[in-house]
Amino acid sequence: MSTLILCVTAGRGPAECREAMAHIVDLMREEAAEHGLAFGMETEQGRASTFVSIDGEAADAFARSWEGSVQWVARSGLRPGHKRKNWFVAVHRLPSPPQLPEVKEADIAFETLRAGGPGGQHQNRTESAVRATHRPTGVSVVARDERSQHRNKALAVERLRALIAAVHERERNAVQFRQWLVRISVERGNPVRTFENGKLVQRQ
């Protein structure tokens, strides 16, 4: 299984688009869990874009179902009385994970969790799932695919390195990345999904 990296961005939209982006990432995390997919993300808040990682057998189908423009319909919680209530966020797949930087295992904090199947089914009585958190960056992922805690630990490290690689690449090429973001067009129309007051009302 390979890790897919998605860029979720508010582009150059107003602060409400960033707020919508945070809600959409939360919904992506919930849906990934329902499909038994591993989900990782940057923890820093307030950015106009963020990276998320998706890992699992249905990762490609999941990514394709989100790629494009996502419409968030809600009144502004930042500007009371503001008439606009349609906000747009774009989801783009990165072509492939960049070259992995060195991530020392000594910098990773591991936590064991009780594993469970999609939607909480087939609950495992042993704490075989593993959460790995990279202390220097705060990036965190969970692996619960295998019955073996040892194997889940290895998977968590692999996924953590892929996600950190994307962050590292962005920081290493900060100027080029900003230029790339400027070129991203957040399409205000033809959304792949539409949410109204947090509920899915339309999906292609």
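Here is how the numbers come out for the structure above:
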read-out	value
Matching residues in segment 53-69 - criterion: being in contact (Cβ under 8 Å) with a residue 60 or more places away in the chain and farther than 19 Å from Q204 by Cβ	S53, D55, G56
Residues of segment 108-139 that turn out to be surrounded by 14 or more Cβ atoms within 10 Å (Cβ to Cβ), touching a strand residue (DSSP E or B) at 6+ places or on another chain (Cβ under 9 Å) and either modelled with pLDDT of 90 or more or farther than 17 Å from A38 by Cα (or both), as a count	9
Any chance F62 is touching an Asp or Glu at 6+ places or on another chain (Cβ under 8 Å), modelled with pLDDT of 90 or more and not in a loop (DSSP other than H, G, I, E, B)	yes
Residue among G11, G68, G36, G46 that is over 20 Å from V186 (Cα atoms) and either in contact with a helix residue (DSSP H, G or I) (Cβ under 8 Å, 6 or more places away or on another chain) or modelled with pLDDT under 95 (or both)	G36
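For (1) crowded, with 20+ Cβ neighbours inside 10 Å; (2) outside any strand (DSSP E or B); (3) at pLDDT 80 or above; (4) of a type in the set (K, R), each residue gets a yes or a no:
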residue	(1), (2), (3), (4)
H150	no, yes, yes, no
L155	yes, yes, yes, no
L160	yes, yes, yes, no
L163	yes, yes, yes, no
W180	no, yes, no, no
F195	yes, no, yes, no
L200	no, no, yes, no
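The values are calculated or read from the model by the stated rules, or taken from the named source; none is laboratory data. Computed from a predicted model, the values in this text were never measured in an experiment. Because the Cβ atoms are built from the backbone with ideal geometry, glycine has one as well, and the counts that use them run over all protein chains shown.
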